[in-house]
1. Near A:K27, which lysines are there with a Cα under 19 Å away, not counting those fewer than 8 places off in the same chain?
2. Indicate, rounded to the nearest 5 percent, the antiparallel portion of the DSSP beta bridges found entirely in segment A:1-124.
3. Grab the DSSP H runs of chain B that are 4 residues or longer, score each as -39,500 (n - 2.57), total them, divide by all residues and round the 222 nm result to the nearest 500 deg cm²/dmol.
4. Suppose we look only past 41 Å in the calculated P(r) of chain B. What percent of the Cα-Cα pairs does that tail hold?
5. Between 0 and 90 degrees, rounded to the nearest ten: what's the tilt of helix A:10-19 against the longest Cα principal axis of chain A?
6. Nothing charged except the Cβ atoms of Lys and Arg (+1) and of Asp and Glu (-1): what's the magnitude of the dipole of the protein assembly as shown about its Cα centre? Round to the nearest 20 debye.
7. Lysine pairs in chain B 8 or more apart or on different chains: how many have alpha carbons under 25 angstrom apart?
8. Can you sort B:E31, B:E248 by how many other beta carbons sit within 10 Å, fewest first?
Amino acid sequence: MAGIGQGPGPDAVFAAKLAEGVFEIQKCGGCGTHVFHPRVICPACGSADLGWIAPTGRGTVYARTVVRRKPERGGDYNVVLVDLEEGVRMMSRIDGIAHDQIVAGLKVTASIGEGAEGDPAVVFRPE
Amino acid sequence: MRSKLSLRGKAAIVGAALAGCGEAHGKSSMEITIEGVHGALADAGIALGEVDAIATCQPLDMLSGLTLAQELGLNPRFTMNNRMGGSSFLSHTLWAAMLLELRLADTVLICYGSNQRTASGKLMTALGLPTYEAPYKPLFPLSSYALAADRHMTQFGTTREQLADVAVAARAWAKKNPDAFMRDPLTREDVIASRPVSDPLRVRDCCLVTDGGGAIVMRRAETAKDHPRPPVYLLGGGEGTTHRDISEMADLTVTGAAQSGRTAMDMAGVKPADIDVVQLYDAFTINVILFLEDLGFCKKGEGGAFVANGGIAPGGHLPVNTNGGGLSCVHPGMYGIFTLVEAVRQLRGEAGDRQIDGAELVLAHGNGGVLSSQVTNILGTEATL
Ligand SMILES: [Zn+2]
C-alpha cells in the first residue's frame, strides 16, 4: 500500500527497484489506471493510493526516431516511444534490430539494459 | 454558468520593435532585449517612466523579470516572469489585457532577447533532459519533434516532401524580407538532401540559431489611438498545456493548439476562414503542419497536403510566416515575440514586399517546450472591432 508521506517518493522507489533488476509501474487503487512515469497521485483520479505492479513487458512501438551521430562519436542510435499493454507509454530504445527496421506497430518486449550513462534502464527487443 | 467576460478588443499593441536580429556581436541577451524595448517605446511615443507592468522570460536568467526592472530603472506594479518556452509572450499579452482591463496597470511592456548565436552557436537553454527520457539520449528538443513527425507520417501518410515544402515556403517569404537571416534559394530537393539529424527531420527542417530580440507595448483600447502608429487590437486569446515531456503527450498528432485556437477564436468571434495572415512558431517543419490542422485551417491529417506545392508560400492559399519564420528569418530561442511583431507589421501595412493587401485579421501562435504549451492570439485592425 503506497501513500503520501511514507518513505521515499515514487521516483526513488522506481530507481531502487530498477537497480535490483525489477521493472514495475504503478497501478491506482482508486480507479485501476496504470501509471507511468511514477507519480505521487493518480493523474486520472487524484488518488494517492498508487501501488506497484509488474507489467507484462509486452508493448508496441508508437513512434521512433534515429539520432544520426558520426561513427567516431558512437554512431547512430534509436529513440522510441513504446506503448505497454497496460496502456502507459514510455521512452526507450530497441536493441537487436537494425534502426531502419523499427517502425510504429512493431511488437517488442522489455528487459533491463543500460542507459546512456551505464545506469540500468528499461530497453526493448523485438518479440 | 460562468459569465461571459471577454477581453475582446479591450487592449491594443501600440508599439513594437525588433533588435539585434541575426548576429549581435558583443551584446548580452538583456542588452538586445533593452534595445528592443527602446525601439518599441519610441514607436509608441511612450516615455520609459510610463511603463508600470513588465513581462519577459530570457534564455538562461530564471529571474529575468527582476533583471529587466533593474536594467530599466523601473519599479513596476506587476512583474511577469511566467515561463512556458516560446509561447510565453502570447500568454503575456493575455495577462497584460487583464491587468489593463482591470485598471491594475496602464502601460505593459512585453519583451525578449537572446544572443545565442554569437554566445554559444546553438540553442541556449536552461533545460536538461527529463528523468525518464535521459537514459535514451533524445536530442533536446529536436528528437521530440522528430517523434511527432514520424507519428504523423505513419498515421496520415504525410510525406518527406510535404515537410520540406514548409521550409521552402518560409524561405520564399524570407526572400521578400530584407531583415531575414537566410535568403538564398532553397528547394524541396535541398531540404531532403540536407544533413539528417534525428529521423525524419533534417537540418533544414530545423529553425535557425540566431541572435535577436523583440518588444511590444500594450495599452487599453480607449487610449490606443493616442500614439503615432495605428493600434493593433487583441481580439482573442487562449492557451492549451498538454504535457511537458514528449513521452507524456497523449497523442503526438494532436496539440494543445486545438484548445488554444478554439478559445481564442471564440473570444474574437472569428473562424479560420476569416483570418488573413497566420504567424506560427515554426521551430520545426512538422510544427506548421500540426498547428494548421489543430487551429482548424484544414482537417486533421490533411496538413501535409495543405502546405505542399507552395500552399503557404507567397501566392498560396494562406500566407503563413510572412517574415520567413524561425526557419529562415530569425530564431533566437523562444520565438513567440516575433509572431506578434510580424502581426503588427502586417496589420499596420508596414511589411513592404511581403505585405498582404488588406490584412485585417492575424492569428499569431506560440509553441513552448516540446509541443507542450500552445498559446494563440487573434489580432486585428480597428475595422475588426
Ligand atoms: Zn486513479
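Rule-based calculations on the coordinates, nothing more; no lab input. These numbers were taken from a predicted model, which means no experiment stands behind them. Quick reminder, even Gly has a Cβ in these numbers, built from the backbone with ideal geometry, and neighbours come from all protein chains shown.
1. A:K17
2. Antiparallel bridges make up about 95 percent of those DSSP assigns within segment A:1-124.
3. When only DSSP H runs of four or more count, the value is -9500 deg cm²/dmol.
4. Roughly 6 percent, rounded to a whole number.
5. So the helix axis and the longest Cα principal axis differ by about 50 degrees.
6. 260
7. So the count works out to 8.
8. Listed from fewest to most nearby Cβ atoms, that is B:E31, B:E248.
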